[in-house]
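The values are calculated or read from the model by the stated rules, or taken from the named source; none is laboratory data. Keep in mind it's a predicted model, so treat the numbers as computed, not measured. Here the Cβ is made from the backbone with ideal geometry for all residues, glycine too, and neighbour counts use every protein chain on show. The protein model used for the area step is the full one, side chains on, heavy atoms only, and it has no ligands, DNA or RNA in it. Shrake-Rupley method; radii C 1.70, N 1.55, O 1.52, S 1.80 Å.
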Amino acid sequence: MKDSLFSEHFSISGQGHLTLDGLDLVAAAQEFGTPAYVISEAAVRQQCRAYMQTMKRVFGENFKVSYASKALCARFIYPIIQSEGLHADVVSDGELYTALKAGFPASNLHFHGNNKSDAELRQAVECGIGAVVIDCLDEIERLNAICVEKERQMPVLLRVKPGVDAHTHEFISTGHNDCKFGFGIEDGQVYEAARLLRACRGLDFCGLHCHIGSQVFLKEPFGVAADVMIRLLAELRRDGYNLRELILGGGFGVKYMPEDKPVPVSEMVEYLGKAVRESCQKYDTPVPEIVIEPGRSIVSAAGVTLYTVGSVKPVPGARTYVAIDGGMPDNPRFALYQACYDACIANKAAQAKTDVVTIAGKCCESGDLLGRDMKLQPAQRGDFLCVFSTGAYTYSMASNYNRLPRPPIVLVSGGRGRVVVRRESYEDLVRNDLQ
């Protein structure tokens, strides 16, 4: 069990129950019901501070840390990251609306994403968003027309494909040339976009952006991307563009399994700082403002998901299935790309993991699993299963498949839990049905 305790935020009580920041997770499952997402506020703040403190040490005042909203977007997260000094990025009008409803300053947001609609661009301009990251050529013309109409000037950055292999799953690798995001360098697209921006009086071309992928466990791809981007930045500056900002994305790996070894925040940021300074010196250009966009690495390890065990079904000659009351609707990552998780029986946390089981969800899909051949304490009906490191890309990717209500989010602080996103009701499921 010790290998599963990913941080000092977890412990085992005298009753043998798993606790998170002093909250008994068995008691939490009984009080709030299951499935339920449970998030440690202290763990989120700890990661925010690690990024902010290291970035300040490495880059002085010439930096921003921007939380990637897509990892976990709900109103409660924005006051936390704002109080820790972070900015944020959004990739849809829904994420933008959520951040604004939470009181997050629009000027501290930037808008990402491919295929932005006119309505999304207009909403970004009208609310006074900090910047828009341009993803395609026609977006330049459409955004400029809105800005001219509104008599405003919008800071914009170009999303660039640096052509870097991030050594991650192809579905979450976004920096290579054959990718739906951004402009290529070798094919000349980024230069064409820059020429178009020069003529746009409603747009202030202020920088470049890249993102090489997600769940990256190596430092070197980030260094290669930084070199490619600074070389391009220096070239465009020599052509007269006033580029002041470079966003190097996020995608820093996190620990899902005991054997995972993510690069510590301080080590990753220091490596980036060295790479940036060396490249700026090599290409004879001043260091721009450096922005990073961690999302998963801020919230993933801070969260767990609690389930109630139902049937335990041994299949002779195959495996034993431990069924739970949730599954792919509240966490589709295994079904999407065979993501691995560690888990334990929260009410048997002090016991050894002696069984090898497959965790099955309750949906009518054979692929509805949360893990295959996982080590677990002996499970029986009524036990509470805790799946670790589910703070990112679970609630934000959740669905109502099989008409299952989405779980609540319980925020833990000072040993107490409070509901910050309520559980959907059956009435919620039919609310938009017309008959």
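In the condition set (1) under 23 Å from His112 (Cα atoms); (2) surrounded by 20 or more Cβ atoms within 10 Å (Cβ to Cβ), Arg244 is compliant with all but (2). In summary, Ala352 fulfils each of the numbered conditions (1) open to solvent by less than 40 Å² (accessible area, probe 1.4 Å); (2) among the small types (Gly, Ala, Ser); (3) touching a residue at least 40 places away in the same chain (Cβ under 8 Å) with the single exception of condition (1). Does the stretch 205-215 contain at least one residue that is in a strand (DSSP E or B) and either more than 28 Å from the chain's Cα centre (by Cα) or β-branched (Val, Ile, Thr) (or both)? No: zero hits.
So which pairs qualify, if the first residue must be in the stretch 64-80 and without any contact (Cβ under 8 Å) to a residue 12 or more places away in the chain and over 11 Å from Glu293 (Cα atoms), the second must be small (Gly, Ala, Ser) and surrounded by 24 or more Cβ atoms within 10 Å (Cβ to Cβ), the Cβ gap must be under 7 Å, and the two must be at least 6 apart or on different chains? Cβ pairs passing all conditions: none. Kindly indicate whether any position in the stretch 11-19 is closer than 24 Å to Ala352 by Cβ, part of a loop (DSSP other than H, G, I, E, B), out of contact with any Lys or Arg (no Cβ under 9 Å at 6 or more places or on another chain) and open to solvent by 50 Å² or more (accessible area, probe 1.4 Å). Scanning the stretch 11-19, I find at least one residue that is closer than 24 Å to Ala352 by Cβ, part of a loop (DSSP other than H, G, I, E, B), out of contact with any Lys or Arg (no Cβ under 9 Å at 6 or more places or on another chain) and open to solvent by 50 Å² or more (accessible area, probe 1.4 Å), so the answer is yes. Of all the listed residues (Gly391, Gly371), the sole one being outside any loop (DSSP other than H, G, I, E, B) and open to solvent by less than 30 Å² (accessible area, probe 1.4 Å) is Gly371.
Answer yes if at least one residue in the stretch 69-83 is assigned to a strand (DSSP E or B) and open to solvent by less than 30 Å² (accessible area, probe 1.4 Å), and no otherwise. So far as the stretch 69-83 goes, no, none of its residues is assigned to a strand (DSSP E or B) and open to solvent by less than 30 Å² (accessible area, probe 1.4 Å). The residue that is modelled with the lowest pLDDT, among those in the stretch 161-189 that are out of contact with any Lys or Arg (no Cβ under 8 Å at 6 or more places or on another chain), outside any loop (DSSP other than H, G, I, E, B) and crowded, with 17+ Cβ neighbours inside 10 Å, is Ile172. Of all residues in the stretch 99-125, those being in contact with a helix residue (DSSP H, G or I) (Cβ under 8 Å, 6 or more places away or on another chain), open to solvent by 20 Å² or more (accessible area, probe 1.4 Å) and part of a helix (DSSP H, G or I) number 7. Summed over the stretch 241-262, the residues that are in contact (Cβ under 8 Å) with a residue 12 or more places away in the chain, part of a loop (DSSP other than H, G, I, E, B) and either under 15 Å from Lys161 (Cβ atoms) or not basic (Lys, Arg) (or both) give a count of 14. Mind listing whichever residues of the stretch 295-345 are under 13 Å from Arg381 (Cα atoms) and either buried (at least 24 other Cβ atoms within 10 Å of the Cβ) or of a type in the set (A, V, I, L, M, F, W, C) (or both)? Scanning the stretch 295-345 gives Tyr307, Val309, Val312, Val322, Ala323, Ile324, Ile345.
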